[in-house]
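The next block holds one structure in the form of structure tokens; read it before the comments.
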Amino acid sequence: MVSAVRPDTPSSHSNDTTAATSDSAAPLSLPQGFGTRAIHTASNANPETGAVIPPISLSTTYKQDAIGVHKGFEYTRSDNPNRRDFEELLASLEAGGKSALALASGSSATALVINSLGPKAHVLSVNDVYGGTARYLTKVASFTQGVETTFADLENASDEEIAASFRPQHQNCLDNTFLSPFYSSPLLLGADLVIHSITKYINGHSDVLMGAIILPQPSPSKPDAVTLDQRLRFLQNAVGAVPGAYDSWLAQRGAKTLQLRMKTHGTNALAVARFLQTRGRGLGLVDEVIYPGLASTSRGHYRLVRDHLLSPHARRWIDKGVWEGVSSHGPNSEDEGIPFGGMVSFRIAHPTTPSLRQATLTDPSSTAERFLTSTHIFTLAESLGGVEGLAELPAKMTHGGLPVEAREALGISSSLIRLSVGVEDIEDILVDLERALRWAVHGEKWDGASSSKAPDDDVVSD
Ligand SMILES: *Cc1c(COP(=O)(O)O)cnc(C)c1O
């Protein structure tokens, strides 16, 4: 089995995931798939009580039999059983992973990695990096550590330009939050470390704030992985950026269903993207759709996604083709695409009635806002990755902190809407979207069957 254990983890934490007795031979050599690892890694029946689910270990301190003689835990900031189990699970889920650190938030994971660079480091970042990361680099690390950051437009730069920006001592750190370890395996593509906001897909239920750093198996090309792990762990303990025991336990419970959720997030998001691209544009409700898994919407990245960026386990699932039945809920199922995460963005069309057009003159985001305040399945809220659908206006919400010029350069206009597609029934999701879009753009009341035009001057949302 794949069981990534920290070098200093006592052997009592090795996994016994078979139905056989714990002294039966060779469970460690059985290969296990992504879904099996998610459920069984570091989730062992309690040896004292037989409880199938490990207890939550709330104690902050641990008894020593003699000075320095203990069962591997001293004080909860340094290590805690629930955190250790969850870290072992993370290292196993992120393909190519050897060890993991769980942290108080995704932001603290980013800060810890940047902290570990020391003074006057250089950072090369994508220009559309998570806003909190850009904020930490430009408004904190630049002052406290003299870190210098170059923001690169990776989408439009040539391979030569990108290669020329790298310096030999650069380490590659990838934020894999949006795709989750199910769809993308950056460590297998050469990343030196991966960070996650566990808050999003890995916990998946919008009730835990947590982050993680995952390091690769040491190899000739990654000789420093163990030293880096030790340096980050030392720094984490010194800074105290640790998650609580209860949150670690909850996040491990959430991660057990990561595979089930990500498959449905992906098939639902693909169906939503197809629906917006064909019916949405056909009805004049939508101008542009962005989903990297749909060939006709992906700004030219579909082949890269399909041929190179999928994790091995997502590729096996997609190659089997068993998800197509779900995606054919889209009105145009011959439109080539694959599930690739649950995030879909689109530009809502300009309104068609005079009064709605008038409203956009005073507030260009009013059409988007009418849509966002009239969906029932999608909740207007920041964040992403939970089982429930969320929708938001990046220009005023998640990306509201960016300077206007930066927002415009990234295409974040007042008509751009971001959906975190949930795992609800796809039929209900599509009806919810069409109903809210018809209301926002055409002023039309539509219940999925009939439709009637709202009074022309009725511009407030229902
Ligand atoms: C949310 C998020 C973060 C920050 O994580 P928190 O858990 O909110 O601190 C970092 N990167 C990405 C891509 C995110 O979506």
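The values are calculated or read from the model by the stated rules, or taken from the named source; none is laboratory data. Since the model is a prediction, treat every value here as computed from it, not as a measurement. Here the Cβ positions follow ideal geometry from the backbone for every residue, glycine too, while neighbour counts run over all protein chains shown. To get the accessible areas, we keep the full protein, side chains included, count just its heavy atoms, and leave off ligands, DNA and RNA. Shrake-Rupley method; radii C 1.70, N 1.55, O 1.52, S 1.80 Å.
Counting only alpha carbon atoms, the long axis of helix 106-115 and the longest principal axis of the chain meet at about 60°. A convex hull fitted to the Cα coordinates of the range 209-290 yields 183 cubic angstrom per residue.
Solvent-accessible surface of the chain, averaged per residue with a 1.4 angstrom probe and all protein chains in place: 46 square angstrom. Surface composition of the chain: carbon plus sulfur atoms hold 56% of the accessible area, using a 1.4 angstrom probe and ignoring ligands, DNA and RNA. In the chain, excluding the sites themselves, the longest stretch lacking any of the trypsin sites (Lys or Arg not before Pro) that are in a DSSP loop with at most 12 other Cβ atoms within 10 Å is 121-298. Along the chain, the exposed loop sites are GluC sites (Glu not before Pro) outside DSSP states H, G, I, E and B with at most 13 other Cβ atoms within 10 Å, and the longest stretch free of them is 156-333.
Listed by chain and number, the lysines placed with their C-alpha closer than 29 angstrom to that of K71 are K63, K98, K256; residues fewer than eight positions away on the same chain are left out.
Each listed q (0.13 Å⁻¹) maps to a log10 I(q)/I(0) for the range 243-370, found by the Debye formula over equal Cα scatterers with no solvent: -0.66. Rg/Rh, computed from the Cα trace of the chain with Rh as the Kirkwood radius, has the value 1.00. Between helix 426-442 and the chain there is an angle of about 40 degrees, using the helix long axis and the longest principal axis of the Cα atoms. Considering only alpha-carbon pairs that sit under 8 angstrom and 6 or more positions apart, the relative contact order computed for the range 180-321 is 25 percent. Once the Cα atoms are used to define both axes, helix 245-255 deviates from the longest principal axis of the chain by about 60 degrees. You can think of it this way: the chain between T36 and I53 has 4.6 nm of extra reach, that is 0.36 nm per residue less the Cα-Cα gap. Listed by chain and number, the lysines placed with their C-alpha closer than 22 angstrom to that of K445 are K453; residues fewer than eight positions away on the same chain are left out. The helix-only estimate of mean residue ellipticity at 222 nm for the chain, built from DSSP H runs of length n ≥ 4 each weighted as -39500 (n - 2.57), is -9000 deg cm²/dmol after division by the residue total.
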